[in-house]
Amino acid sequence: MILSDKEILQAIDRNNIVIQPFRRDCLGTNSYDVHLGHSLAVYRDRELDAKKHNQIDIFTIPESGFVIQPGTLYLGVTEEYTETHHTVPFLEGKSSVGRLGIDIHATAGKGDVGFCNYWTLEISCVQPVRIYSGMPIGQLIYFKVEGKIENFYNKKSDAKYNDRVAFPVESMMWKNKF
């Protein structure tokens, strides 16, 4: 079941959901709008290796915006820091962003219960598009969880994305054993 606006507000009052900064006007009927942060990153190498730590270069989006190009993966970050303690957060792109031909995540739209961080966005596009820091980029939808939770993400010793950073974070696939 998806949380309604009233249930999201109740969860915020109980600190089961944290959104910083929280802006009441970003709360929809059953979602919360998040915005593109100030930074983007690109991988240094064109060819990536899943078993290696692929390095990124982070840069600030100028006030005049930045034109993203097809064929390049950009890592972005949300302006909002979030915590989710008793629901499963899903990050989806806003329809207005999709209608510009922008995808905000390749596969990682679902967060885990206990995820406490900024969201790294995996941004791609079908044609050149100028994007801006602070623009609405996505929406968080919260799903109720049935039963007790044993393994909260923020308490896992091997969680790869627990360090609180307000910058895009590169893939940590290389930390997996395969």
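Computed from the coordinates by the stated procedures, all read-outs in this text should not be read as laboratory data. Note that the structure is predicted; figures quoted are calculated from it, not measured. Cβ coordinates were reconstructed from backbone atoms using ideal geometry, including for glycine residues, and neighbour counts include every protein chain displayed.
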- Message: Quick check: from the Cα gyration tensor, does segment 1-50 come out rounded (a/c under 1.5), prolate or oblate?
- Response: prolate
- Just how far, in whole angstrom, is segment 146-178 from segment 90-143 if you go by their alpha carbon centroids? 19
- Anchor Lys175: lysines whose Cα lies under 22 Å away (excluding residues fewer than 8 positions away in-chain): Lys51, Lys52, Lys110, Lys155, Lys156, Lys160
- Message: Taking the Kirkwood radius as the inverse of the mean 1/r across Cα pairs, report the Rg/Rh of segment 100-164.
- Response: 1.05
- Charges only on Cβ, +1 for Lys and Arg, -1 for Asp and Glu: so what's the dipole of the chain about the Cα centre, in debye to the nearest 20? 280
- Task: Putting +1 on Lys and Arg Cβ atoms and -1 on Asp and Glu Cβ atoms, find which of Gly101, Ser31, Ile56 reaches farthest to the positive end of the dipole of the chain.
- Result: Ile56
- The answer for trypsin sites (Lys or Arg not before Pro) in segment 1-99 that fall in a DSSP coil and have at most 15 neighbouring Cβ atoms within 10 Å is Arg14, Arg23, Arg44, Arg46, Lys51, Lys52, Arg99
- Item | Label-point gap, in nm, between Asp158 and Val67 - each point 7 angstrom along Cα→Cβ | 4.5
- So what is the orientation-averaged projected area of segment 137-178, using the convex hull of its C-alpha atoms, in nm²? 5.1
- Note on the structure: Row for the chain, column shape: gyration tensor on C-alpha, a ≥ b ≥ c, rounded if a/c < 1.5 i.e. under 1.5, prolate if a/b over b/c, else oblate; value oblate
- Assigned charges on the beta-carbon of Lys, Arg, Asp, Glu; segment 81-178 dipole about Cα centre (debye): 20
- Which of Val145, Val77, Val129 moves the most in a Gaussian network model of the chain with Cα springs under 10 Å? Val145
- Do you know the relative contact order of the chain, to the nearest whole percent, from alpha carbon pairs under 8 angstrom that are 6+ apart? 30
- Quote the Stokes-Einstein diffusion coefficient, in whole µm² s⁻¹, for segment 18-84, based on the Kirkwood radius over alpha carbon pairs, a temperature of 4 °C and a viscosity of 1.567 mPa s. 90
- Message: Mean-square fluctuation check for the chain, GNM, Cα pairs under 10 Å: which of Ser157, Ser95, Ser39 is largest?
- Response: Ser157
- Identify which of Asp49, Asp163, Asp57 has the largest mean-square fluctuation in a Gaussian network model of the chain, with springs joining Cα atoms closer than 10 Å. Asp49
